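One structure below.
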Amino acid sequence: MSYLSERVLKWFDQHGRHDLPWQCNPSPYRVWVSEIMLQQTQVTTVIPFFKRFIQHFESVDTLANAEIDEVLHQWSGLGYYARGRNLHRAANVIVSEYAGQFPNSIEDLIKLPGVGRSTAGAILALAYGQRYPILDGNVKRVLARYHEVYGWPGNSDVLRQLWSHAEYHTPHKRIADYTQAIMDLGATLCVRSKPSCNICPLQNSCGAYAAQSQAQLPSRRKRNPLPIKNIYFLIARAENGSTLLYKRPPHGIWGGLWSFPEINANKNVESWCQDHNLRQVGELLQHPVLTHTFTHFRLAITPLECVVVEDERSVMDPDRWLWYNIDNPARIGLSKPVQQLLRICSN
Ligand code: SF4
C-alpha cells in the first residue's frame, strides 16, 4: 500500500464521511446515480436530489420505464441536464442489453451513455470492491498537488500522468474505503481555494505544500472571456394565468426541457403570436435581463411578458406545447431560469 493510501485511509477512519445516503446499501444502481449527480455538483446539493430521485426511481427498471419528462422533472434544478437524459438512456440499455442486471466490467460500463473511465472505476470500486482507480475533479486536484503535476488536467499528457498516479495509489485492500476517502479528502480538505493543509494527513509528503504552490495547482485552462448570446423569452400568459411553454429538442442546451418560446426581438412579438394563432391583448412588459452561464457561453435573457388569447382555429400539438399552471404544475423538466421566471411572473 502506498504511503498516500495508508495515510488517507487512516484519516478516513476518523474523519471521513460514512453516512452519505448512497453509502448505505451501496448497490451499483445507487452508486451509479450518485456518481452521475456528483460529476458537476457538490455533495450537499446532491443529497436531497439523490434521495428524491431514488424514491421515485427505486431500480434501474423503474428508471428505464419512466417517461423522460418525469426524469427531467426530478432533475430540474440540478443543471447539466445531459446527465439526466444519459441516465435514462443508459437505464434502457441495461434493461434491453443486460436483462436489467447492472454490468460489472469496465468494458461494458464505459459503453453506457454518460459513463466515463472515472465513473466506471467508482462504480466498480464502491459497489463491487474491484480494484479500479478513479480520477474525478477532487482526486485530480489532490494528485496534481501531491505530485506537483503542472499543466491543465484536460490536456492528454497531463491526464495520463494523473491516471498513472491514481493507478499506483489504489490499494489492493479496502478499495471502496480508499475510493471514498480520496474523494472526501479532495472535497473537504484539499479544496480549490484555501486548502486545509494544516490538518491534512498528507502534509509532510505533499509536493505543493512543500513548494507552497497549492494556489497554482491544478493549473487552469487559459480561456478567452465567454461570448454572450442575447435572446428574448416570450412569457405568453392566458387570461386564466397559465403560461405557454414548448418542449425543446432532445439535444443541445436544456435538451428535452420545457421552456418559454424564444423570439428574435421585441418587435416580433405580435407577428410571432399571429404565426402561432394567438392574439396579444395586453401591454408588453419587459423584465430585467437574466444571465445564465453555460460552459462555453453566457446567455443574456430578456423576458417579455404579455397576455394572449388563442384563436378558435388554434390547434397546438400537445407533445410540443403546454399551458403551464403554476398552481397545478405538470410533471415536466424546467431549467432554472424558466423556474425563476415562472415564480416572478406568478407574483
Ligand atoms: S497538504 Fe494541502 S495541498 Fe497537499 S494534499 Fe493536503 S490539503 Fe492538498
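Calculate, for GLN23 and ILE344, the FRET efficiency according to 1/(1 + (r/R0)^6) with r their C-beta to C-beta distance and R0 35 Å; round to the nearest 0.05. Walk me through the intermediate numbers first.
On the way: r = 39 Å, r/R0 = 1.10.
With a Förster radius of 35 Å, E is 0.35.
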Could you tell me which of the pairs LYS51/LYS247; LYS111/LYS194; LYS111/LYS140; LYS111/LYS173; LYS140/LYS336 are separated by over 32 angstrom between their Cα atoms in the structure shown? LYS111/LYS194
Which whole-number percentage describes the relative contact order of the chain, with Cα contacts under 8 Å and a sequence gap of 6 or more? 17
Tell me, what ³J(HN,Hα) does each residue in segment 214-229 have, in order and in whole Hz, if you take phi through Karplus 6.51 cos²θ - 1.76 cosθ + 1.60 with θ = phi - 60° and put x for Gly and Pro? 3, 5, 8, 10, x, 4, 8, 6, 6, 10, 7, x, 5, x, 10, 10
Mean-square fluctuation check for the chain, GNM, Cα pairs under 10 Å: which of GLU107, GLU283, GLU310 is largest? GLU283
Positive-end residue, segment 257-317 charge dipole about Cα centroid, Cβ charges, pick of ASN264, LEU290, LEU304: LEU290
Have a look at segment 228-275 and give its Rg and Dmax from the Cα atoms, expressed in angstrom. 11.9, 35
Rounded to the nearest 500, the 222 nm mean residue ellipticity computed for the chain from DSSP H runs (n ≥ 4, each -39500 (n - 2.57)) alone is -12500 deg cm²/dmol
Taking the chain as a Gaussian network, where each spring joins two C-alpha atoms under 10 Å apart, which residue of GLY154, GLY333, GLY137 fluctuates the most? GLY154
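If each residue's Cβ is checked for other Cβ atoms within 10 Å, how do LYS140, LYS111, LYS222 rank with the fewest at the top?
Working: LYS140 24, LYS111 14, LYS222 6.
Exposure proxy ranking, most exposed first: LYS222, LYS111, LYS140.
For a footprinting-style exposure proxy, rank PHE57, PHE297 by other Cβ within 10 Å, fewest first. Let's see the in-between values first.
Working: PHE57 22, PHE297 13.
Exposure proxy ranking, most exposed first: PHE297, PHE57.
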Among rounded, prolate and oblate, which fits the chain when a ≥ b ≥ c are the square roots of the eigenvalues of its C-alpha gyration tensor, a/c under 1.5 means rounded, and a/b larger than b/c means prolate? prolate
Quick one: length gained pulling ARG331 to ALA210 fully straight, 0.36 nm per residue minus the C-alpha distance? 38.2 nm
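Laboratory data are not the source of any read-out in this text; all were calculated from the coordinates shown. Everything numeric in this text was worked out from a predicted model, so none of it was measured. Heads up, the Cβs are rebuilt from the backbone with ideal geometry, glycines too, and the neighbour counts pull from every protein chain shown.
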